[in-house]
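The values are calculated or read from the model by the stated rules, or taken from the named source; none is laboratory data. Remember, it's a predicted structure, so these values are computed and weren't measured experimentally. Virtual Cβ from ideal backbone geometry, glycine too; neighbours counted across all protein chains shown. For accessibility, only protein heavy atoms count, side chains too; no ligands or nucleic acids. Shrake-Rupley method; radii C 1.70, N 1.55, O 1.52, S 1.80 Å.
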Amino acid sequence: MTIGHVVHGRGPVRAVVIHGWFYDWRVFEPMLPALDPAVFSLAFMDCRGYGSSRPMSGAFDIDTIAADALELASHLGWERFAVVGHSMGGKAALRVAANAPHRVTRILALTPVWAGAAPFDAQTLGLFRGAVRDVSLRAAIVHNERDGSVPAAWSRWLAEKSVEASTVEAFGAYLESWALGDFTDQIRELPHDTLAVAGAEDAGVPVDAVKATWIARLPNSRLQVLGECGHYPMLERPLALAAIFERFLTGH
């Protein structure tokens, strides 16, 4: 069974787009009016246990996300394609490139989790694990990622969307994979042109953390920082992020 997905556009610039931990592919919907369908063919996938892939069983881990992304590209007849990943999806994008370096053209990583284990202390990891079954803790995580500077109603909305979008089993298992998994030794020489986009106000994956990992450790990477933006640029700055898609994915 092919992973659930929505393809936007019919253009020559092809990319598989992988969402993050808190929502399914619909997190990117605010950007769609600004992504030219004559230019792009963007396959927005739903990871297993999320959205249209909610009925699919696991394993719910980064390796499976990457395998499903590659299978999706093959299903669409794409031999070569870019890969875009948000947060947890950024880690999966690296795994896609490591597994099939000859097929991936470039990597666009949005407020991305690194290939190594997340730098969580025991208290933070406990908070995230508690959020698997507690929507109020999910809202707290979203709110803390902007240091409380966004309206609390928005944080609650996104937390509720995460409950709607995913199964508890998938949400919990993906956490263990993206937070604790480490395959840094397998990506040291990735040759792909890589752009890491960081939110200037993202306390979850701060700019300095992106610099110390993605930029310091990938030889062909560069950083772009979005001002007035936290961990969800596709929701907070959709037009600005769409312009980045256009410039980077088209090679301009």
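Phi angles of the range 79-88 translate, via the Karplus equation with coefficients 6.51, -1.76, 1.60 and θ = phi - 60°, into HN-Hα couplings of 7, 10, 6, 8, 10, 10, x, 9, 6, 3 Hz per residue; Gly and Pro are given as x. Report note on the peptides 82-93, 214-225, 232-243, 51-62: ranked by the mean count of other C-beta atoms within 10 Å, highest first, their order is 82-93, 232-243, 51-62, 214-225. Rolling a 1.4 Å probe over the protein heavy atoms gives the chain an accessible area of 40 Å² per residue. Length gained on full extension, R217 to T250: 9.5 nm, using 0.36 nm per residue less the C-alpha separation. Here the ratio of the Cα radius of gyration of the range 132-252 to 2.2 N^0.38 Å is 1.18. Overall, the ratio between the Cα radius of gyration of the range 1-112 and 2.2 N^0.38 Å, rounded to two decimals, is 0.95. Considering the dipole of the chain built from charges on the beta carbon (Lys and Arg +1, Asp and Glu -1) around the Cα centre, which of T124, G148, H102 is farthest to its positive end? Projecting each Cα onto the dipole axis, the largest value belongs to H102. When +1 charges are put on Lys and Arg Cβ atoms and -1 charges on Asp and Glu Cβ atoms, the dipole computed for the chain relative to its Cα centre reaches about 380 debye.
The modelled label-to-label distance for the pair R188/E29, using points 7 Å beyond Cα in the direction of Cβ, is 4.5 nm. Given their separation in residues at 0.36 nm each and the Cα-Cα distance between them, V39 and H75 gain 10.9 nm when the chain is fully extended. Centre-to-centre separation between the Cα atoms of the range 90-136 and those of the range 185-252: 13 Å.
Computed over protein heavy atoms with a 1.4 Å probe, the carbon and sulfur contribution to the accessible area of the chain reaches 52%.
Put simply, the convex hull of the Cα atoms in the range 132-179 casts, on average, a shadow of 3.2 nm². Sorting the segments 173-180, 103-110 by their residues' average number of neighbouring beta-carbon atoms within 10 angstrom, most packed first, yields 103-110, 173-180.
Calculated on the alpha-carbon coordinates, the convex hull of the range 187-252 measures out at 80 cubic angstrom per residue.
Beta bridges assigned by DSSP with both partners in the chain are antiparallel in approximately 15 percent of cases. Comparing W78, P33, L175 along the charge dipole axis of the chain, the residue lying farthest to the positive side is W78, per the Cβ-charge model.
Taking 1.002 mPa s as the viscosity and 20 °C as the temperature, the Stokes-Einstein diffusion coefficient of the range 79-187 based on its alpha-carbon Kirkwood radius rounds to 142 µm²/s. Quotient of the Cα radius of gyration of the chain and 2.2 N^0.38 Å, N being its number of residues: 0.91.
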